[in-house]
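Peer 1: One structure is given below, represented as C-alpha coordinates, and several questions about it will come after.
The values are calculated or read from the model by the stated rules, or taken from the named source; none is laboratory data. All values reported here derive from a predicted model rather than from experimental measurement. Cβ placement follows ideal geometry from the backbone for every residue including glycine, while neighbour counts extend to all protein chains displayed. Quick note on the areas: whole protein, heavy atoms, side chains included, nothing else; ligands and nucleic acids left out. Shrake-Rupley method; radii C 1.70, N 1.55, O 1.52, S 1.80 Å.
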Amino acid sequence: MAARRVSLVTGGAGFVGYNLCHRLLSQGDEVICLDDMTSGMPQHVDELQRHERFHFLRHDVCEPVTLKVDRIFNLACPASPPAYQADPIKTVLTSVLGVRNMLELALANDARLLHASTSEVYGDPLEHPQRESYNGNVKTMGPRACYDEGKRCAETLLHDYHRVRGADVRVARIFNTYGPGMRTDDGRAVSNFIVQALAGEDLTVYGDGSYTRSFCYVDDLIDGILRLMELDGDHSQPVNLGNPHEIAIKELAELVLAATGSQSRIVHLANAVDDPKVRCPDITRATALLGWRPKVDIGDGLRPTIDYFRVLTGTVDTVA
Ligand code: NAD
Ligand code: UDP
(Lines give C-alpha, C1' and ligand atoms only; values in the text may rest on other atoms or scores of the structure.)
(Ligands and ions follow the chains in the order given, each with its own letter.)
Protein backbone atom coordinates (compact mmCIF):
# COMPACT_ATOMS: atom_id res chain seq x y z
CA MET A 1 0.00 0.00 0.00
CA ALA A 2 1.34 3.47 -0.88
CA ALA A 3 2.34 5.61 2.12
CA ARG A 4 -0.05 8.42 2.91
CA ARG A 5 0.98 11.93 2.00
CA VAL A 6 2.19 13.84 5.06
CA SER A 7 1.13 17.48 5.20
CA LEU A 8 2.63 19.80 7.80
CA VAL A 9 0.44 22.75 8.80
CA THR A 10 2.21 25.34 10.93
CA GLY A 11 -0.33 27.46 12.79
CA GLY A 12 -2.80 24.58 12.40
CA ALA A 13 -4.51 25.38 15.71
CA GLY A 14 -5.52 28.84 14.49
CA PHE A 15 -8.53 29.91 12.47
CA VAL A 16 -7.38 29.19 8.90
CA GLY A 17 -5.08 26.34 9.94
CA TYR A 18 -7.87 24.49 11.73
CA ASN A 19 -10.09 24.66 8.64
CA LEU A 20 -7.17 23.54 6.47
CA CYS A 21 -6.35 20.58 8.75
CA HIS A 22 -9.97 19.46 8.50
CA ARG A 23 -9.92 19.60 4.72
CA LEU A 24 -6.59 17.75 4.46
CA LEU A 25 -7.83 15.01 6.79
CA SER A 26 -10.99 14.65 4.70
CA GLN A 27 -8.74 14.22 1.63
CA GLY A 28 -6.90 11.33 3.31
CA ASP A 29 -3.66 13.09 4.31
CA GLU A 30 -1.60 12.40 7.40
CA VAL A 31 -1.58 15.83 9.06
CA ILE A 32 1.02 17.24 11.43
CA CYS A 33 -0.03 20.47 13.10
CA LEU A 34 2.87 22.49 14.48
CA ASP A 35 1.75 25.32 16.73
CA ASP A 36 2.99 27.15 19.82
CA MET A 37 -0.58 28.13 20.79
CA THR A 38 0.09 31.91 20.78
CA SER A 39 -3.33 32.53 19.23
CA GLY A 40 -4.44 28.94 18.54
CA MET A 41 -7.51 27.40 20.16
CA PRO A 42 -7.04 24.33 22.42
CA GLN A 43 -10.59 23.24 21.46
CA HIS A 44 -9.46 22.95 17.84
CA VAL A 45 -6.56 20.69 18.80
CA ASP A 46 -8.80 18.57 21.06
CA GLU A 47 -11.31 18.15 18.26
CA LEU A 48 -8.73 17.37 15.57
CA GLN A 49 -6.94 14.91 17.85
CA ARG A 50 -9.96 12.62 17.70
CA HIS A 51 -8.78 11.86 14.18
CA GLU A 52 -6.14 9.11 14.04
CA ARG A 53 -4.29 10.73 11.11
CA PHE A 54 -3.86 14.02 13.02
CA HIS A 55 -0.71 14.68 15.06
CA PHE A 56 -0.07 17.75 17.19
CA LEU A 57 3.39 19.12 17.84
CA ARG A 58 3.66 22.04 20.25
CA HIS A 59 6.59 23.93 18.84
CA ASP A 60 7.71 27.47 18.09
CA VAL A 61 8.27 27.88 14.34
CA CYS A 62 11.18 30.25 15.18
CA GLU A 63 13.11 27.16 16.29
CA PRO A 64 14.39 24.66 13.70
CA VAL A 65 12.63 21.32 13.52
CA THR A 66 13.38 17.97 11.91
CA LEU A 67 10.41 16.10 10.46
CA LYS A 68 9.61 13.83 7.53
CA VAL A 69 6.98 15.61 5.43
CA ASP A 70 5.78 15.72 1.83
CA ARG A 71 4.49 19.28 1.82
CA ILE A 72 4.33 22.26 4.13
CA PHE A 73 1.66 24.90 4.65
CA ASN A 74 3.31 27.71 6.65
CA LEU A 75 0.53 29.58 8.44
CA ALA A 76 2.15 30.19 11.82
CA CYS A 77 1.78 33.87 12.75
CA PRO A 78 -0.84 35.73 14.76
CA ALA A 79 -3.07 37.47 12.19
CA SER A 80 -5.40 39.83 14.04
CA PRO A 81 -4.05 43.33 14.76
CA PRO A 82 -4.41 43.07 18.58
CA ALA A 83 -2.72 39.65 18.55
CA TYR A 84 0.22 40.57 16.34
CA GLN A 85 0.70 43.93 18.07
CA ALA A 86 0.78 42.34 21.55
CA ASP A 87 4.39 41.16 21.01
CA PRO A 88 5.65 42.95 17.89
CA ILE A 89 9.22 41.67 18.09
CA LYS A 90 8.01 38.09 18.25
CA THR A 91 5.70 38.78 15.29
CA VAL A 92 8.59 39.89 13.07
CA LEU A 93 10.68 36.90 14.14
CA THR A 94 7.82 34.47 13.60
CA SER A 95 7.46 35.61 10.01
CA VAL A 96 11.15 35.76 9.19
CA LEU A 97 12.73 32.94 11.22
CA GLY A 98 9.61 30.83 10.80
CA VAL A 99 9.74 30.90 7.01
CA ARG A 100 13.53 30.36 7.05
CA ASN A 101 13.06 27.23 9.17
CA MET A 102 10.26 25.96 6.98
CA LEU A 103 12.31 26.61 3.83
CA GLU A 104 15.18 24.57 5.27
CA LEU A 105 12.74 21.81 6.19
CA ALA A 106 11.26 21.90 2.69
CA LEU A 107 14.71 21.58 1.10
CA ALA A 108 15.70 18.74 3.46
CA ASN A 109 12.54 16.84 2.46
CA ASP A 110 12.38 17.90 -1.19
CA ALA A 111 8.90 19.16 -0.26
CA ARG A 112 6.82 22.02 -1.62
CA LEU A 113 6.20 24.94 0.75
CA LEU A 114 3.10 27.14 0.55
CA HIS A 115 3.39 30.29 2.61
CA ALA A 116 0.49 32.34 3.96
CA SER A 117 1.37 35.90 3.02
CA THR A 118 -1.11 38.75 3.26
CA SER A 119 -2.73 41.73 1.61
CA GLU A 120 -0.91 43.73 4.31
CA VAL A 121 2.15 43.62 2.04
CA TYR A 122 0.27 46.35 0.09
CA GLY A 123 -0.02 48.47 3.28
CA ASP A 124 -2.33 51.48 2.89
CA PRO A 125 -2.63 50.97 -0.87
CA LEU A 126 -2.45 53.75 -3.44
CA GLU A 127 -3.44 51.33 -6.21
CA HIS A 128 -6.95 49.97 -6.04
CA PRO A 129 -7.86 47.12 -6.40
CA GLN A 130 -4.49 45.60 -5.60
CA ARG A 131 -2.69 43.52 -8.24
CA GLU A 132 0.30 41.35 -7.38
CA SER A 133 2.52 43.74 -9.37
CA TYR A 134 1.78 46.60 -6.94
CA ASN A 135 4.72 47.18 -4.58
CA GLY A 136 2.66 48.63 -1.77
CA ASN A 137 2.67 51.64 0.51
CA VAL A 138 4.02 50.33 3.78
CA LYS A 139 5.63 52.00 6.80
CA THR A 140 8.76 50.42 8.24
CA MET A 141 7.68 51.71 11.64
CA GLY A 142 4.36 51.91 13.46
CA PRO A 143 2.08 49.38 15.15
CA ARG A 144 1.31 47.40 11.99
CA ALA A 145 4.88 47.29 10.66
CA CYS A 146 5.85 44.18 12.63
CA TYR A 147 3.28 42.20 10.70
CA ASP A 148 3.46 43.94 7.31
CA GLU A 149 7.24 44.12 7.09
CA GLY A 150 7.70 40.67 8.62
CA LYS A 151 5.48 39.25 5.88
CA ARG A 152 7.28 41.26 3.20
CA CYS A 153 10.67 39.98 4.36
CA ALA A 154 9.25 36.44 4.38
CA GLU A 155 8.30 36.89 0.72
CA THR A 156 11.86 38.05 -0.01
CA LEU A 157 13.28 34.93 1.65
CA LEU A 158 10.90 32.69 -0.30
CA HIS A 159 11.90 34.37 -3.54
CA ASP A 160 15.63 34.08 -2.81
CA TYR A 161 15.48 30.47 -1.60
CA HIS A 162 13.68 29.70 -4.85
CA ARG A 163 16.26 31.55 -6.99
CA VAL A 164 19.40 30.58 -5.16
CA ARG A 165 18.65 27.15 -3.72
CA GLY A 166 15.85 25.89 -5.94
CA ALA A 167 13.18 25.68 -3.22
CA ASP A 168 9.70 24.81 -4.52
CA VAL A 169 7.58 27.63 -3.09
CA ARG A 170 4.06 29.01 -3.36
CA VAL A 171 3.01 32.40 -1.97
CA ALA A 172 -0.65 33.05 -1.21
CA ARG A 173 -1.42 36.73 -0.50
CA ILE A 174 -4.51 36.25 1.62
CA PHE A 175 -7.08 39.04 1.98
CA ASN A 176 -9.47 39.36 4.95
CA THR A 177 -10.98 35.96 5.62
CA TYR A 178 -13.70 35.01 8.11
CA GLY A 179 -15.75 32.00 9.10
CA PRO A 180 -16.19 29.29 11.73
CA GLY A 181 -13.03 28.60 13.72
CA MET A 182 -12.23 32.18 14.80
CA ARG A 183 -11.75 33.00 18.47
CA THR A 184 -14.38 35.09 20.27
CA ASP A 185 -11.57 37.41 21.42
CA ASP A 186 -9.76 37.38 18.07
CA GLY A 187 -10.25 41.14 17.71
CA ARG A 188 -10.97 41.32 13.97
CA ALA A 189 -14.05 43.10 12.63
CA VAL A 190 -16.21 40.09 11.71
CA SER A 191 -15.71 38.21 14.98
CA ASN A 192 -15.95 41.37 17.11
CA PHE A 193 -19.21 42.46 15.50
CA ILE A 194 -20.85 39.03 15.73
CA VAL A 195 -19.82 38.47 19.35
CA GLN A 196 -20.97 41.98 20.27
CA ALA A 197 -24.30 41.56 18.43
CA LEU A 198 -25.00 38.20 20.11
CA ALA A 199 -24.23 39.68 23.54
CA GLY A 200 -26.45 42.72 22.93
CA GLU A 201 -23.40 44.99 23.23
CA ASP A 202 -22.51 47.99 21.09
CA LEU A 203 -20.77 47.21 17.79
CA THR A 204 -17.45 49.08 17.87
CA VAL A 205 -16.76 50.69 14.49
CA TYR A 206 -13.37 52.41 14.45
CA GLY A 207 -13.69 55.81 12.78
CA ASP A 208 -16.71 56.70 10.65
CA GLY A 209 -16.95 53.19 9.15
CA SER A 210 -16.16 54.31 5.61
CA TYR A 211 -12.92 52.29 5.36
CA THR A 212 -13.37 49.24 3.17
CA ARG A 213 -12.38 45.59 3.21
CA SER A 214 -13.27 42.61 1.00
CA PHE A 215 -14.25 39.59 3.07
CA CYS A 216 -13.64 36.04 1.87
CA TYR A 217 -15.37 33.01 3.39
CA VAL A 218 -12.87 30.51 4.75
CA ASP A 219 -14.04 27.55 2.60
CA ASP A 220 -13.32 29.59 -0.53
CA LEU A 221 -9.88 30.49 0.78
CA ILE A 222 -9.05 26.84 1.55
CA ASP A 223 -10.08 25.91 -2.02
CA GLY A 224 -7.68 28.53 -3.35
CA ILE A 225 -4.83 27.47 -1.06
CA LEU A 226 -5.17 23.82 -2.09
CA ARG A 227 -5.35 24.64 -5.79
CA LEU A 228 -2.20 26.73 -5.48
CA MET A 229 -0.40 23.99 -3.57
CA GLU A 230 -1.44 21.29 -6.02
CA LEU A 231 -0.76 23.16 -9.27
CA ASP A 232 1.96 21.44 -11.31
CA GLY A 233 5.04 23.34 -12.42
CA ASP A 234 7.10 26.23 -11.16
CA HIS A 235 4.82 28.92 -9.70
CA SER A 236 6.75 30.89 -7.13
CA GLN A 237 5.16 34.26 -7.87
CA PRO A 238 2.63 35.58 -5.31
CA VAL A 239 -1.08 34.97 -5.92
CA ASN A 240 -3.85 37.10 -4.39
CA LEU A 241 -6.56 35.01 -2.72
CA GLY A 242 -9.59 36.98 -1.59
CA ASN A 243 -13.13 37.96 -2.41
CA PRO A 244 -13.28 41.06 -4.63
CA HIS A 245 -16.66 42.13 -3.19
CA GLU A 246 -15.65 45.28 -1.31
CA ILE A 247 -17.77 46.77 1.47
CA ALA A 248 -17.48 49.59 4.00
CA ILE A 249 -16.99 48.48 7.63
CA LYS A 250 -20.20 50.28 8.65
CA GLU A 251 -22.05 48.17 6.09
CA LEU A 252 -20.50 45.02 7.57
CA ALA A 253 -21.77 46.05 11.01
CA GLU A 254 -25.26 46.59 9.58
CA LEU A 255 -25.18 43.19 7.84
CA VAL A 256 -24.25 41.51 11.13
CA LEU A 257 -27.07 43.30 12.96
CA ALA A 258 -29.58 42.18 10.33
CA ALA A 259 -28.30 38.59 10.22
CA THR A 260 -28.27 38.16 14.01
CA GLY A 261 -31.53 40.05 14.59
CA SER A 262 -29.69 41.93 17.33
CA GLN A 263 -30.95 45.18 18.87
CA SER A 264 -27.36 46.33 19.51
CA ARG A 265 -26.29 49.82 18.45
CA ILE A 266 -23.36 50.81 16.28
CA VAL A 267 -20.94 53.14 18.08
CA HIS A 268 -17.99 54.95 16.57
CA LEU A 269 -14.62 54.87 18.30
CA ALA A 270 -11.30 56.47 17.33
CA ASN A 271 -9.65 55.30 14.13
CA ALA A 272 -7.06 52.55 14.54
CA VAL A 273 -3.51 53.85 13.92
CA ASP A 274 -2.24 53.34 10.35
CA ASP A 275 -5.44 51.53 9.41
CA PRO A 276 -5.50 50.93 5.61
CA LYS A 277 -8.39 52.89 4.09
CA VAL A 278 -9.29 50.49 1.31
CA ARG A 279 -8.52 46.92 0.38
CA CYS A 280 -9.74 44.80 -2.49
CA PRO A 281 -7.98 42.01 -4.36
CA ASP A 282 -7.56 41.85 -8.10
CA ILE A 283 -7.87 38.08 -8.55
CA THR A 284 -7.14 37.93 -12.28
CA ARG A 285 -4.00 35.87 -11.64
CA ALA A 286 -5.73 33.38 -9.33
CA THR A 287 -8.55 32.92 -11.81
CA ALA A 288 -6.21 32.42 -14.79
CA LEU A 289 -3.74 30.16 -12.96
CA LEU A 290 -6.04 28.18 -10.69
CA GLY A 291 -9.48 28.54 -12.25
CA TRP A 292 -10.44 29.89 -8.83
CA ARG A 293 -12.90 32.51 -7.72
CA PRO A 294 -14.82 32.73 -4.46
CA LYS A 295 -18.34 31.27 -4.46
CA VAL A 296 -19.73 32.35 -1.07
CA ASP A 297 -21.09 35.87 -0.75
CA ILE A 298 -20.99 37.71 2.55
CA GLY A 299 -24.65 37.05 3.40
CA ASP A 300 -24.24 33.29 2.94
CA GLY A 301 -20.92 33.23 4.77
CA LEU A 302 -22.13 35.20 7.78
CA ARG A 303 -24.88 32.65 8.59
CA PRO A 304 -22.64 29.66 9.45
CA THR A 305 -20.18 32.01 11.12
CA ILE A 306 -22.92 33.41 13.36
CA ASP A 307 -24.15 29.85 14.10
CA TYR A 308 -20.61 28.89 15.12
CA PHE A 309 -20.34 31.88 17.47
CA ARG A 310 -23.78 31.17 18.96
CA VAL A 311 -22.50 27.76 20.07
CA LEU A 312 -19.10 29.08 21.16
CA THR A 313 -20.61 31.87 23.26
CA GLY A 314 -23.24 29.54 24.72
CA THR A 315 -26.17 31.41 23.14
CA VAL A 316 -27.41 28.01 21.86
CA ASP A 317 -26.26 24.45 22.61
CA THR A 318 -25.87 23.14 19.07
CA VAL A 319 -26.67 24.21 15.55
CA ALA A 320 -29.36 22.26 13.73
P1 NAD B 1 -4.63 32.87 13.78
O2 NAD B 1 -4.00 33.88 14.68
O3 NAD B 1 -6.01 32.41 14.07
O4 NAD B 1 -3.72 31.57 13.67
C5 NAD B 1 -2.32 31.64 13.68
C6 NAD B 1 -1.78 30.38 14.32
O7 NAD B 1 -0.34 30.44 14.33
C8 NAD B 1 -2.20 30.21 15.79
O9 NAD B 1 -2.64 28.91 16.03
C10 NAD B 1 -0.93 30.54 16.57
O11 NAD B 1 -0.88 29.90 17.84
C12 NAD B 1 0.14 30.05 15.62
N13 NAD B 1 1.43 30.67 15.86
C14 NAD B 1 1.70 31.99 16.04
N15 NAD B 1 3.01 32.17 16.25
C16 NAD B 1 3.59 30.95 16.20
C17 NAD B 1 4.92 30.48 16.36
N18 NAD B 1 5.94 31.31 16.62
N19 NAD B 1 5.15 29.15 16.24
C20 NAD B 1 4.14 28.28 16.00
N21 NAD B 1 2.85 28.67 15.86
C22 NAD B 1 2.59 29.99 15.95
O23 NAD B 1 -4.55 33.49 12.31
P24 NAD B 1 -5.27 33.02 10.97
O25 NAD B 1 -6.33 34.00 10.64
O26 NAD B 1 -5.60 31.59 11.05
O27 NAD B 1 -4.10 33.24 9.93
C28 NAD B 1 -3.29 32.17 9.50
C29 NAD B 1 -2.22 32.68 8.57
O30 NAD B 1 -2.84 33.29 7.42
C31 NAD B 1 -1.30 33.72 9.17
O32 NAD B 1 0.01 33.51 8.72
C33 NAD B 1 -1.84 35.02 8.65
O34 NAD B 1 -0.84 36.01 8.56
C35 NAD B 1 -2.36 34.61 7.28
N36 NAD B 1 -3.45 35.51 6.86
C37 NAD B 1 -4.70 35.39 7.40
C38 NAD B 1 -5.69 36.27 7.01
C39 NAD B 1 -7.10 36.20 7.55
O40 NAD B 1 -7.92 37.06 7.22
N41 NAD B 1 -7.44 35.21 8.34
C42 NAD B 1 -5.41 37.29 6.09
C43 NAD B 1 -4.11 37.40 5.60
C44 NAD B 1 -3.14 36.47 5.96
N1 UDP C 1 -12.60 47.34 12.81
C2 UDP C 1 -13.62 48.01 13.45
N3 UDP C 1 -14.06 47.51 14.63
C4 UDP C 1 -13.56 46.39 15.20
C5 UDP C 1 -12.51 45.70 14.54
C6 UDP C 1 -12.05 46.21 13.34
O7 UDP C 1 -14.12 49.03 12.96
O8 UDP C 1 -14.04 46.01 16.30
C9 UDP C 1 -12.12 47.87 11.51
C10 UDP C 1 -10.62 48.07 11.40
O11 UDP C 1 -10.27 49.34 11.89
C12 UDP C 1 -10.39 47.92 9.92
C13 UDP C 1 -11.44 46.88 9.49
O14 UDP C 1 -12.44 46.89 10.52
O15 UDP C 1 -10.68 49.14 9.26
C16 UDP C 1 -10.89 45.47 9.36
O17 UDP C 1 -10.21 45.18 10.56
P18 UDP C 1 -9.69 43.71 10.88
O19 UDP C 1 -8.97 43.81 12.20
O20 UDP C 1 -10.78 42.73 10.74
O21 UDP C 1 -8.66 43.38 9.72
P22 UDP C 1 -7.42 44.21 9.10
O23 UDP C 1 -7.31 45.54 9.76
O24 UDP C 1 -6.25 43.36 9.38
O25 UDP C 1 -7.77 44.32 7.66
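Peer 1: Could you tell me which of the residues 103, 113, 107, 57 is open to solvent by less than 40 Å² (accessible area, probe 1.4 Å), over 19 Å from the mean Cα position of the chain (by Cα) and at negative phi?
Peer 2: The match here is 103.
Peer 1: Can you name the residue in segment 274-320 that is open to solvent by 60 Å² or more (accessible area, probe 1.4 Å) and over 23 Å from residue 183 (Cα atoms) and, of all such residues, is farthest from ligand 1 (Cβ to nearest atom)?
Peer 2: If we take residues in segment 274-320 being open to solvent by 60 Å² or more (accessible area, probe 1.4 Å) and over 23 Å from residue 183 (Cα atoms), then 288 is farthest from ligand 1 (Cβ to nearest atom).
Peer 1: Which of the residues that make up segment 76-100 are assigned to a helix (DSSP H, G or I), near ligand 1 (Cβ under 10 Å from one of its atoms), touching a residue at least 60 places away in the same chain (Cβ under 8 Å) and under 25 Å from residue 169 (Cα atoms)?
Peer 2: 84, 98
Peer 1: Only residues that are of a type in the set (Val, Ile, Thr) and either within 9 Å of ligand 1 (Cβ to nearest atom) or modelled with pLDDT under 95 (or both): list them for segment 1-44, please.
Peer 2: Residues satisfying the conditions are 10, 16, 38.
Peer 1: Mind listing just one residue for me: the one in segment 125-144 that is in contact (Cβ under 8 Å) with a residue 40 or more places away in the chain and more than 23 Å from residue 221 (Cβ to Cβ) and, of those, most open to solvent (accessible area, probe 1.4 Å)?
Peer 2: By that ranking, first place goes to 139.
Peer 1: Would you please name the residue that is surrounded by the most Cβ atoms within 10 Å (Cβ to Cβ), looking only at residues in segment 39-54 that are of a type in the set (A, V, I, L, M, F, W, C) and assigned to a helix (DSSP H, G or I)?
Peer 2: Out of the qualifying residues, it is 48.
Peer 1: Let me ask you something else. Report every pair of residues separated by at least 6 positions or lying on different chains whose Cβ atoms are under 6 Å apart, first residue within segment 265-277 and near ligand 2 (Cβ under 9 Å from one of its atoms), second assigned to a loop (DSSP other than H, G, I, E, B).
Peer 2: Note: pairs meeting the criteria are 271/207; 276/124; 277/211.
Peer 1: In this structure, is residue 76 crowded, with 19+ Cβ neighbours inside 10 Å, within 16 Å of the chain's Cα centre (by Cα) and not aromatic (Phe, Trp, Tyr)?
Peer 2: Considered against the rule, which asks whether it is crowded, with 19+ Cβ neighbours inside 10 Å, within 16 Å of the chain's Cα centre (by Cα) and not aromatic (Phe, Trp, Tyr), residue 76 comes out as yes.
Peer 1: Limited to segment 186-223, what total is found for residues that are open to solvent by 30 Å² or more (accessible area, probe 1.4 Å) and within 11 Å of ligand 1 (Cβ to nearest atom)?
Peer 2: Final tally of qualifying residues: 2.
Peer 1: Related question: State which residue pairs qualify: first residue farther than 15 Å from residue 228 by Cβ and inside segment 161-184, second residue assigned to a strand (DSSP E or B) and within 16 Å of ligand 2 (Cβ to nearest atom) in any location, beta carbons under 9 Å apart, and separation of 6 or more residues or different chains.
Peer 2: Pairs that qualify, where the first residue is farther than 15 Å from residue 228 by Cβ and the partner is assigned to a strand (DSSP E or B) and within 16 Å of ligand 2 (Cβ to nearest atom), are 176/213; 176/214; 176/216; 178/216; 178/217; 179/216; 179/217.
Peer 1: Among the residues of segment 264-271, are any surrounded by 13 or more Cβ atoms within 10 Å (Cβ to Cβ) and part of a helix (DSSP H, G or I)?
Peer 2: no
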